[in-house]
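Just so it is clear, none of the values below were taken in a lab; they were calculated from the coordinates. The model shown is predicted, which means the values in this text are computed figures rather than measured ones. Cβ sites come from the backbone with ideal geometry, for glycine too, and all protein chains shown count toward neighbours.
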Amino acid sequence: MADGLRVVGAKELREAMRRLQEPAITNALKDIHLRVATVVITQATRNAASLGRQSFGHPKVTEQGQRNRKHRYGGIPAPVVAASTLRSGRSARGATVTLGSNRVPFALGHEWGANQDRERTRRGGTYVGFRQFPVPARRGYFLFRALGSTRDAAIGEYLRGLDQIINHK
């Protein structure tokens with residue numbers, strides 16, 4: 001009989017836990033992945049809120065003294081609306097985070113670049129809107145940056161969860 005369990009990599013860990021044929025262990029692993037995804041979503045939401053404060057600023061006043069409507073969602077900055085669609089998944093394969101929905105189709109544009117809230121001029125006049133195909137951001141604006149900034153916290157959460165599984169707590 002082996003003195004211990006040696007696992008290298010997440011795939012091998014899942015296979016070793018599956019071989020134990022304990023549904024409780026699989027459920028615990030799903031819970032760990034959900035907690036890790038929640039750590040990332042929390043930071044991504046904070047990042048989007050700071051973007052919203054930067055882009056929202058003060059409404060511009062036209063020559064006629066009217067304020068330009070900057071956002072469709074009751075004055076809530078569009079990055080915040082996009083981040084509200086972040087969802088975490090509970091999977092044994094890994095932590096999953098999804099962004100976007102049918103009601104907020106512009107969410108990916110806010111993450112990867114759609115020149116949100118930029119004043120644009122067309123034949124019909126000037127308005128605040130989105131450019132559909134700009135040069136994309138290489139590192140994202142709020143979600144992808146949250147992945148990098150929460151790396152240590154996510155790893156710590158993952159290791160705490162694995163310790164709980166191993167120690168049966």
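The stretch between N27 and R87 holds 19.7 nm of extra length on full extension. This uses 0.36 nm per residue minus the Cα-Cα distance. In this simple spin-label model, placing a label point 7 Å from the Cα along the Cα-to-Cβ direction at both H168 and R19 gives a separation of 2.1 nm.
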